[in-house]
Structure formats: structure tokens, C-alpha cells
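Below: one structure, written as C-alpha cells.
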Amino acid sequence: IVSTFHNPEEAKLGECKLIEEIMIGEDKLIRFSGVALGEACTIILRGASTHILDEAERSLHDALCVLSQMATDSRVVYGGGCSEMIMSQAVEDLAKKTPGKRSLAMESFAKALRQIPAIIAENGGLDSTELISQLRAAHVTEGCRKGIDILTGQIGDMTTCGINEAFKVKKCVLSSATEATEMILRVDDIIKCAPRQRDENMM
């Protein structure tokens, strides 16, 4: 789009198949369709309230961030809580072989990992207790790829369902949660200082 014709040779000209004026709500917008490269697009969010729009924008931003991370590292892991159940099983097996109090911390870490599929089930309005017990029984078998399938409300093979998560995002989430837990556990005591009393003679 060139606003003036003073220096047309400096403008980079392009082409598209269709330019039209459309109405979205009460606003008029100009839409360019059929752009040759198609590398840029506009996403319009509409909602009944500002709260809904903020949530939609946050969800969209998170999805775009995951896609940007996938461009740098294309590795994926199984979703639906499958990866967490595999890690939980591995940590529990190692805790059984570890003597001392360290095994208690490892068991707690394994329990925390199982909370992820439980939260997924609860967010989908499913019975998390029943599904987690089914997942634990299924993951006794080595090489199990079972996870929670929200669409059917049951556990399913994540390979067949096509439910995957970005490896880089999963690693960052687990590392951040572990570091935050370590910082909380290092706090031995919290000292709260009483507010200093005001001197009545100074008033």
C-alpha cells in the first residue's frame, strides 16, 4: 500500500487475487485474499466480554509460542499425560532401589507427576480417579503409550489418537516446576517482623 506517489520507485509492490471490504460486527475492514507468499495473516478474536477475549488471547499466544519452539526443535513426546505416567513409573522404580530418606522425596515426585493426567481429566469433566487407576494399570506393561483421550472420555493409544506435545516445552515446564519446588523446600522458616509502633510524642 502506497500512501503517496512522491517516490514510487522506493515502494515494494505486490499483488493479490482479491481486495474487499468486509464487516465484522460494527467495524469495516479491508481484506486481502490470495497473496502469493501468504506468510502473514491476521487473527480476529471476538467475544461477549473482555474476560473471554483475554482468555482467548492468552490461549492463542501460548499456542503460537509452542509452534515457534517447534520450529527450532521438532522433537515431540506423547501427550494426554502419557509422558508423565512413564516418568512417574521410572521414578517409582528407582525409588524402590534407593535407600534412605531420598526415596521418600522420589516417591513424592512420582506422585506429583501423576497429577498432570489427573488435572487433564478433571479439566475435561471426567472421573480422574478412575482414569488414573486405569493408566497406572496399563503402564505396568513396558512400552505402553496410553494416555487420556478427552474426546472419548477414556484412555487410548496416543499414537493412534495423534496427541503429542513439544519436547522443548515439556522439558521447560518440568524444569521450572522442579526448581520452584526446590526453592520452597529450602525455606526453613518465615520470620515476620512486627510493624514499628509510631511514637506518640512526635505527633
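A Förster distance of 35 Å, applied to the separation of the beta-carbon atoms of Ala56 and Arg198, puts the FRET efficiency at 0.10. Solvent-accessible surface (1.4 Å probe) assigned to Met70 amounts to roughly 50 Å².
From the backbone phi of segment 142-158, what are the Karplus-calculated ³J(HN,Hα) couplings (6.51 cos²θ - 1.76 cosθ + 1.60, θ = phi - 60°) in whole Hz, Gly and Pro given as x? Per residue, the Karplus-derived 3J(HN,Hα) values read 5, x, 5, 10, 6, x, 8, 9, 5, 5, 9, x, 9, 7, x, 6, 5 Hz. Cross-link partners of Lys171 among aspartates and glutamates, defined as those whose alpha carbon lies under 19 angstrom from its own and excluding same-chain residues fewer than eight positions apart: Asp62, Asp73, Glu84, Glu179, Glu182.
Contact order for segment 92-193, expressed relative to its length and based on alpha carbon pairs under 8 Å spaced 6+ residues apart, stands at 13 percent.
What the pair-distance distribution of segment 84-203 shows, using all Cα-Cα distances binned every 5 Å from zero, is 2, 9, 15, 17, 17, 12, 7, 5, 3, 3, 3, 3, 2, 2, 1, 0 percent. Ordering of 76-82, 118-124 by packing is 76-82, 118-124, highest average first (other Cβ atoms within 10 Å, averaged per residue). Loop-located trypsin sites (Lys or Arg not before Pro) across segment 58-123 with a Cβ neighbour count of 11 or fewer within 10 Å are Arg75, Lys97, Lys101, with loop assigned by DSSP. Rounded to the nearest whole Hz, the Karplus-based 3J(HN,Hα) values (6.51 cos²θ - 1.76 cosθ + 1.60, θ = phi - 60°) of segment 79-87 follow the sequence x, x, x, 5, 4, 5, 5, 5, 5, with x at glycine and proline.
Which value at 222 nm does the chain reach when only helices count, each DSSP H run of 4 or more adding -39,500 (n - 2.57), with the total divided by all residues and rounded to the nearest 500 deg cm²/dmol? That comes out to -15500 deg cm²/dmol. Under 5 Å from the amide H of Gln154 lie the amide H atoms of Asp149, each residue being 5 or more positions distant or on a separate chain, with H modelled from the backbone and absent for Pro and chain starts.
Accessible surface calculations at 1.4 Å, restricted to protein heavy atoms, place the chain at 81 Å² per residue.
The values are calculated or read from the model by the stated rules, or taken from the named source; none is laboratory data. Quick caveat: nothing in here was measured; it's all calculated off a predicted structure. Backbone-built Cβ (ideal geometry, glycine too); neighbour counts: all protein chains shown. Please note that ligands, DNA and RNA were not included when accessible areas were found on the heavy atoms of the full protein model with its side chains. Shrake-Rupley method; radii C 1.70, N 1.55, O 1.52, S 1.80 Å.
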